[in-house]
Amino acid sequence: MTWPPAVKVCGLMRPEDAAVASAAGAAYLGVILAPGGKRTVTAARANVILGGIPARRVGVFVDAGENELLADAREAGLHVLQLHGDEPPELADRMRAAGYEVWKAVRARGADDFSRAARRYAGAVDALLLDGYSPAAHGGTGTRFPWAEVAERLGELPPGMRLVAAGGLTPRNVAEAAAILRPHAVDVSSGVEASPGVKDPDAVRAFVEQVQSLSFKQVR
């Protein structure tokens, strides 16, 4: 377990927002490459947004095929592929063999969803990213999952698989969520926005400061 958790700022659409997030201390910067979303960008645009910034680049995909994943990852210069659809473990494993870190997103309505995903993707992904369930979209809805319920089953996480917490996190609640879940990283998008795709610099800095303050707090 890393402590304090790393921070990922996702849904980036502007180079200036990526620069603010990195300067604040975010270790991961995320772009939405799945088509049709409010924050979707092309792989070429993602490379411009994230260009020259010293952070790990995360691309978010929904049910993309292997060729599309590899092509977009190369064009955007990604380090991490975040799979947010119904991708099988075999595809995730092939992406890891190609040299990418893979996070499998799970829209958890309860602890059973976490347990099933932990079993299904054991040995195939580097991390499970838990997001809140919403019928409106695959992610970025600001919906929480049941932190305490999932925390009771953290012992089911397979060796080598990390946990990333997302969904409804803000500067006001991220410290509580991290203390309960003890994740490798926390992921924020809408919780630090002035409008969809436009980050609020003060909120981004406040979010990172709250997470970094956890180095002086007791883990539950």
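The values are calculated or read from the model by the stated rules, or taken from the named source; none is laboratory data. Every value quoted in this text rests on a predicted model; they were computed, and no experiment measured them. Note that each Cβ is placed from the backbone with ideal geometry, even for glycine, and that neighbours are counted across all protein chains shown.
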Residue check: is Asp131 crowded, with 22+ Cβ neighbours inside 10 Å, at pLDDT below 95 and within 24 Å of Met13 (Cβ to Cβ)? yes
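Give the residue, chosen from Ala18, Ala26, that is part of a helix (DSSP H, G or I) and either under 22 Å from Asp126 (Cα atoms) or within 16 Å of the chain's Cα centre (by Cα) (or both).
Going through Ala18, Ala26 in turn, the sole match is Ala18.
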Residue tally, condition on the phi < 0 side of the Ramachandran plot and not in a helix (DSSP H, G or I), over the range 168-220: 23
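Please work out which residue is nearest to the chain's Cα centre (by Cα), limiting yourself to the range 95-108 and to residues that are closer than 18 Å to His184 by Cα and either surrounded by fewer than 16 Cβ atoms within 10 Å (Cβ to Cβ) or among the aliphatic types (A, V, I, L, M) (or both).
Going through the qualifying residues, I end up with Ala105.
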Filter result for the condition that a residue is out of contact with any Asp or Glu (no Cβ under 8 Å at 6 or more places or on another chain), crowded, with 16+ Cβ neighbours inside 10 Å, in contact (Cβ under 8 Å) with a residue 24 or more places away in the chain and outside any strand (DSSP E or B), over Ala92, Ala71: Ala92
When every residue in the range 136-154 that is at pLDDT 55 or above and either part of a helix (DSSP H, G or I) or of a type in the set (Val, Ile, Thr) (or both) is compared, the one farthest from Arg182 (Cα to Cα) is Thr143
Give me the residue from the range 168-180 that is under 17 Å from the mean Cα position of the chain (by Cα) and without any contact (Cβ under 8 Å) to a residue 40 or more places away in the chain and, out of that set, farthest from Val211 (Cα to Cα). Gly168
Going by the conditions given, is Val102 at pLDDT 95 or above and in contact with a helix residue (DSSP H, G or I) (Cβ under 8 Å, 6 or more places away or on another chain)? yes
Hey, any hits in the range 30-47 for a residue that's at pLDDT 95 or above and touching a Lys or Arg at 6+ places or on another chain (Cβ under 6 Å)? yes
Given the criteria assigned to a loop (DSSP other than H, G, I, E, B) and within 30 Å of Arg94 (Cα to Cα), does Pro158 qualify? yes
